[in-house]
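**Student:** Dropping the structure in here first, questions after.
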Amino acid sequence: MILMKKPNSPETQNPFDVLSEELIFTILDLLDPNPLDKKSFSLVSKSFYSIEAKHRRNLKPLRSDHLSVLFKRYPYVTHLDLSLCRRVTDDSLSIVTNAYRFTLQRIDLSRSKFFSGDGLLSLATNCKNLVELDLSNATELRDAAVSAVAEAKNLEKLWLARCKLITDMGIGCIAVGCKKLRLVCLKWCVGVGDLGVELIAIKCRELRSLDLSYLPITDKCLSPIYKLQFLEDLVLEGCFGIDDENLDVFKQGCKTLKKIDISGCENITDVGLSALTSSSGCLEKLALADGSPVTLALANSLNKLSMLQSIILDGCLVTSAGLKAIGNSCMSLRDLSLSKCLGVTDEALSFLVSKHTGLRNLDITCCRKITYVSIASIANSCISLTSLKMESCSLVSREAFILIGKRCHSLEELDLTDNEIDDEGLISISHCTRLSNLKLGICLNINDRGLAYVGKSCSKLKELDLYRSTGITDSGISAIASGCPDLEMINAAYCTAITDGSLISLSQCSELKRLEIRGCPLVTSVGLAAIAKKCKQLTRLDIKKCYNIDDSGMICLAHFSQNLRQINMSYSSITDLGLLSLARLSCLQNFSVLHSQGLTPRGLVAALMACGGLKKVKLHLSFRSLLPEPFIKIIEARGCVFEWRNKVFQAELDPKCWKLQLEDTSQL
């Protein structure tokens, strides 16, 4: 039972003074996950500041040079995410070890550089409670450094994706030392072969999840894998050395498998798939993307998978017989992805959805042969759909979208990019009041009238994509801003008719985190200032080709947008003054600035020196020779990556000409 402290005197005025620390911790647990809420709590008083610091268990610093100060404030962190800190040295890891020797359970170094085996050894030997370690993208780590991980005897989850220099020797050391591992990810560890995988499978008997994507392995390592008694998730995506020949070993084991991914394994046919799944009666998810054709024989190999809930066939050649066979089996199917599948027809798809009326998620992106008939079948059969993705279904007529709005009222995600939907269809779609994510990019037949209905009815909308939907103006954006207060992302790129009025309207959306308005020439710094002042959670901004945004807009961002992490300001009117103003933002990690005539090498040098937390900078190649080589090395030593682009100035195409050009390209 949680007790309250007795008040010191009858004059106690603050009711929180009588609450125990444990009770206040419980209150903090119930707060919204939004970090700003807890920050506001901590600013109420000194006692709240102290209590919030003691309560904090998860920490995600923006810069490694602030670690010492942060660790002193938050002494009980168990989960430390350093993925935003590009430069993490051995000294940084030593600070981590000293601060969280007894509490640290998980550390994420998946985007960090500059540490070595010494730092990892200190971490592994001293943090005895460490159970999760993410070293993904540590492309410079070799076996000697990775072998230090073997000292983390209690490690249960390890990610080594894209650690391309480690070999079987390093993996062998980990296998011998970390026998409690339950999850191992070796995706793109191209130096690891059959021996390393065998050692992991033999020594780590408690494995539940094993990701071997794109490893140069063969059938030789499969025998130890199938003997794993608890394996639930096996990923063999892009393992081209595996074929049907030795998959028979799976007939005798792996009865616990729930997820199998053999995407891109073109040498595995229905014969191998049948062997792989023959004893996997518990299988729930199967990914076959970019693999063998989905024929009748392949589909029949799924007959015994009564618990199968998700099938991913993206990029496969699909036969009508194969789709119909899936329709007659897999009665528990909830998720089906046919993105970019060739051969999907109205007849086959209609039959399948008529049999699987309980579908929740359906992806038919770029299924270019389907028409109104398929959409009518989907709308009439799958009324419980929560996600429907149908980008670039170019033969679907406008009337089909009216059916979706009339029947699929449970939709939360709807992707109609590059379709023929018009205002009548959009008005019908507005009846899907649970929508949180709506994509209407390159929909040239919609305008403000239809969008206004979405704004009035879809109050739960959080993400809206209007990319190149040029019929939208300030009126439509205003309707969305008024009716969707929880909006977090809007893409209005190349909606050339919108002005500052749209941004002033959007400034009402206090939850806005991402704004893309590239190619909107009528927008100025006035509208941007309105966003900066009221949308305090803005983290990502794209104002490329907004020619009328100048330094005054950057000054407002620098003053108000303290959470801004990424900005693209190419082709704008900013000068050295604007860029130097942005350098005040401690959170800024990524900026692109191409073809900005007012920017000089001196101003760029000053801004880069002032931005201590930068991870990536995209600049025109012409600046490369104008910046001192020692200066470039200093910035790179901080952990910043330069991307030099030699793009010529590009004039904007008319929207319809641009779409025709896109269609011609897709047919090649």
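The values are calculated or read from the model by the stated rules, or taken from the named source; none is laboratory data. It should be emphasised that the depicted structure is a prediction, and the values quoted were computed from it without experimental measurement. No Cβ is skipped: glycine too gets one built from the backbone with ideal geometry, and neighbour counts run over all protein chains shown. When the accessible area is computed, the model is the full protein with side chains, heavy atoms only, and any ligands, DNA or RNA have been set aside. Shrake-Rupley method; radii C 1.70, N 1.55, O 1.52, S 1.80 Å.
**Student:** Looking at the range 469-493, which of its residues are open to solvent by 20 Å² or more (accessible area, probe 1.4 Å) and in a loop (DSSP other than H, G, I, E, B)?
**Tutor:** Thr470, Gly471, Thr473, Pro485, Asp486, Glu488
**Student:** Scan the range 246-282 for residues that are among the acidic types (Asp, Glu), modelled with pLDDT of 85 or more and in a helix (DSSP H, G or I) and jot them down.
**Tutor:** Asp270, the sole residue that qualifies.
**Student:** Those residues that are in a loop (DSSP other than H, G, I, E, B), closer than 20 Å to Cys254 by Cα and among the charged types (D, E, K, R), I need them from the range 157-199; list them, please.
**Tutor:** Result: Lys179, Lys180, Arg182.
**Student:** Looking only at the range 95-123, count how many residues are open to solvent by less than 70 Å² (accessible area, probe 1.4 Å) and either more than 29 Å from the chain's Cα centre (by Cα) or under 26 Å from Gly613 (Cα atoms) (or both).
**Tutor:** 20
**Student:** Next question. I'd like to know if the range 200-223 contains one or more residues that are in a helix (DSSP H, G or I), closer than 21 Å to Ile166 by Cβ and in contact with a Ser or Thr (Cβ under 9 Å, 6 or more places away or on another chain).
**Tutor:** For the range 200-223, residues in a helix (DSSP H, G or I), closer than 21 Å to Ile166 by Cβ and in contact with a Ser or Thr (Cβ under 9 Å, 6 or more places away or on another chain): present.
**Student:** If I filter the range 16-63 down to residues being among the β-branched types (Val, Ile, Thr) and without any contact (Cβ under 8 Å) to a residue 12 or more places away in the chain, which single residue comes out as most open to solvent (accessible area, probe 1.4 Å)?
**Tutor:** My answer is Val44.
**Student:** Which condition from (1) in contact with a helix residue (DSSP H, G or I) (Cβ under 9 Å, 6 or more places away or on another chain); (2) buried (at least 18 other Cβ atoms within 10 Å of the Cβ); (3) outside any strand (DSSP E or B) is the one that Ser339 breaks?
**Tutor:** The failed condition is (1).
**Student:** State whether one or more residues within the range 311-332 are under 20 Å from Ile217 (Cβ atoms) and either without any contact (Cβ under 8 Å) to a residue 24 or more places away in the chain or surrounded by 18 or more Cβ atoms within 10 Å (Cβ to Cβ) (or both).
**Tutor:** Scanning the range 311-332 turns up no residue that is under 20 Å from Ile217 (Cβ atoms) and either without any contact (Cβ under 8 Å) to a residue 24 or more places away in the chain or surrounded by 18 or more Cβ atoms within 10 Å (Cβ to Cβ) (or both).
**Student:** Same structure, new question: Given Leu512, Leu522, Leu503, which one is open to solvent by less than 40 Å² (accessible area, probe 1.4 Å) and in a loop (DSSP other than H, G, I, E, B)?
**Tutor:** Every option except Leu512 fails the conditions.
**Student:** Shifting gears a bit: Within the range 151-205, track down each residue that is crowded, with 22+ Cβ neighbours inside 10 Å, β-branched (Val, Ile, Thr) and within 25 Å of Lys128 (Cα to Cα).
**Tutor:** If the condition is that a residue be crowded, with 22+ Cβ neighbours inside 10 Å, β-branched (Val, Ile, Thr) and within 25 Å of Lys128 (Cα to Cα), then Ile166, Ile171, Ile174, Val184, Ile200 are the ones that fit.
**Student:** Confirm whether Ile442 is touching a Ser or Thr at 6+ places or on another chain (Cβ under 8 Å), assigned to a helix (DSSP H, G or I) and among the β-branched types (Val, Ile, Thr).
**Tutor:** It is false that Ile442 is touching a Ser or Thr at 6+ places or on another chain (Cβ under 8 Å), assigned to a helix (DSSP H, G or I) and among the β-branched types (Val, Ile, Thr).
**Student:** Restricted to the range 404-460, and to residues that are of a type in the set (A, V, I, L, M) and open to solvent by 10 Å² or more (accessible area, probe 1.4 Å), which residue is nearest to the chain's Cα centre (by Cα)?
**Tutor:** Per the criteria, the residue is Ile442.
**Student:** Just give me the residues in the range 547-579 being more than 20 Å from Glu643 (Cα to Cα) and part of a helix (DSSP H, G or I), in sequence order.
**Tutor:** Asp551, Ser552, Gly553, Met554, Ile555, Cys556, Leu557, Ala558, His559, Phe560, Leu577, Gly578
**Student:** Let me ask something else. If a residue has to be buried (at least 19 other Cβ atoms within 10 Å of the Cβ) and under 25 Å from the mean Cα position of the chain (by Cα) to count, how many in the range 259-270 make the cut?
**Tutor:** The total comes to 6.
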